[in-house]
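Only the coordinates and a few stated rules stand behind these numbers; no lab work does. This structure is a prediction, so every number in the text was calculated from the model and none was measured. All Cβ positions, even for glycine, are placed from backbone atoms using ideal geometry, and neighbour counts span all protein chains on display.
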Amino acid sequence: MSSKIIVGNWKQNPQSSSEATRLFTRTILDSKDTSKNISVVLCVPHLFIPLFSKIKTKKVQLGSQDVSVYNEGAHTGEVSSSMLASCKVSYCIVGHSEVRHSGDTDMDINTKILNLFKNNISPILCVGESVRDHKGDYLSLIKDQIQKSLTQVNKNQLKNLIIAYEPVWAIGDKALRECTTEEFIEIRIFIRKVLSDLYDMKTSQIVPILYGGSVHKENALSFVQDGGSDGLLVGRDSLDNKKFKEILYAIN
Ligand code: PGA
């Protein structure tokens, strides 16, 4: 089994730096070494990044949950890719449905991806539909999201890209239902086809495709083993060190 990428997305949690440090320590530092089969990435709130960037461990890599479209200047509240790079951030989620909901367009996402590449940070591009229609429009939407987000991204940069399929209807505690592994397989094959048409077959194979959306210890392994996922993007269950570790052990 090739190494799987497990990303924890803490979102706007926890509420203090001491809780964040406790969660990080209990989730990662106290866990058995899983580095052989798993790469763990924790996408934490920006404020907490410096707390963890000083800790020397191979067990985890640091990720950001978003980045500014701007490189610098008069943009109150924004954080640039070079600021992230200077704090040893290696990954950054872009195009998460919650950020798209606040107005991020595919063009913004494309700008962010290009800026991240310039700073040697691997983008984790989230794609996914809000509703499953019967006509298959969700496939055109996903294709559009990928094509527009990857404008001007060259073949060489693609080896540092990760794509996460996150069906919006399966995310969070208001999810309609869980996504099945069969549904994920369809999308995984479809994403490879879109990449192959944009670049070529060989290049399309190097991009890890993760599944995200209500991942928990009971369904984690089936997305990887049966669904052929290259890893997982975990929201709520990354905030509970026991649950997150159970996911890591299941995959390990
Ligand atoms: P969830 O979130 O695991 O809580 O559904 C996933 C995500 O939004 O990345």
* Name the residues whose placed amide hydrogens come within less than 5 Å of the amide hydrogen of C92, ignoring near sequence neighbours (fewer than 5 apart) on the same chain. => S64, S122, I124
* To do: Filter the trypsin sites (Lys or Arg not before Pro) in region 8-77 to those in DSSP coil with at most 13 other Cβ atoms within 10 Å of their Cβ, and list the result.
  => K32, K36, K54, K56, K58
* Asked: Given +1 on the Cβ of Lys and Arg, -1 on the Cβ of Asp and Glu, and no further charges, what dipole in debye does region 44-151 carry about its Cα centre, rounded to the nearest 20?
  -> 680 debye
* Asked: Between I55 and Q12, what is the FRET efficiency for a Förster distance of 22 Å, r being their Cβ-Cβ separation, to the nearest 0.05?
  -> 0.50
* Between V131 and S196, what is the FRET efficiency for a Förster distance of 25 Å, r being their Cβ-Cβ separation, to the nearest 0.05? -> 0.40
* Structure fact -> Cα-only Rg/Rh for region 118-202 with Kirkwood Rh rounds to 0.99
* Globularity ratio of region 1-133, using Cα Rg and 2.2 N^0.38 Å -> 1.08
* Structure fact -> The number of Lys pairs in region 57-127 whose alpha carbons lie under 21 Å apart, excluding pairs fewer than 8 residues apart on one chain, is 4
* Gain on full stretching of the segment that runs from H75 to I189 - 0.36 nm per residue minus C-alpha separation -> 37.1 nm
* Residue-wise HN-Hα coupling along region 80-96, computed from phi with Karplus coefficients 6.51, -1.76, 1.60 (Hz; x: Gly, Pro) -> 8, 5, 5, 4, 4, 4, 5, 9, 6, 7, 9, 9, 8, 6, 9, x, 4
* Structure fact -> Computed D for region 77-221, Stokes-Einstein, Kirkwood radius over alpha-carbon pairs, 4 °C, 1.567 mPa s, to the nearest µm² per second, is 82 µm²/s
* **Cα-derived Rg over Rh, computed across region 142-252 with Rh taken as Kirkwood radius** => 0.99
* Asked: What residues qualify as long-range amide H neighbours of G172, i.e. H under 5 Å apart, gap of 5 or more or another chain, H built at 1.01 Å from N?
  -> S214
* Can you tell me the FRET efficiency between S86 and T151 if r is taken as the Cβ-Cβ distance and R0 is 41 Å, rounded to the nearest 0.05? => 0.95
* Asked: Using the Karplus equation 6.51 cos²θ - 1.76 cosθ + 1.60 (θ = phi - 60°), what ³J(HN,Hα) coupling, rounded to whole Hz, does each residue of region 211-224 give in order, writing x for Gly and Pro?
  -> 10, x, x, 6, 7, 9, 4, 6, 9, 4, 5, 5, 5, 7
* Structure fact -> For V234, the residues 5 or more places away or on another chain with a placed amide H closer than 5 Å to its own amide H are V7, G8, N9
* Asked: How big is Rg to Rh over region 111-165, alpha-carbon atoms, Rh as the Kirkwood inverse-mean-distance radius?
  -> 1.04
* So what J values fall out for region 234-240 if you push phi through Karplus, 6.51 cos²θ - 1.76 cosθ + 1.60 with θ = phi - 60°, rounded to Hz, Gly and Pro as x? -> 10, x, 3, 6, 7, 8, 10
* Which one of I55, I209, I28 has the biggest mean-square fluctuation once the chain is modelled by GNM with Cα springs under 10 Å? -> I55
* If the chain were replaced by its equivalent ellipsoid, with semi-axes equal to the square roots of 5 times the Cα gyration tensor eigenvalues, what would those be, largest first, whole Å? -> 25, 23, 17
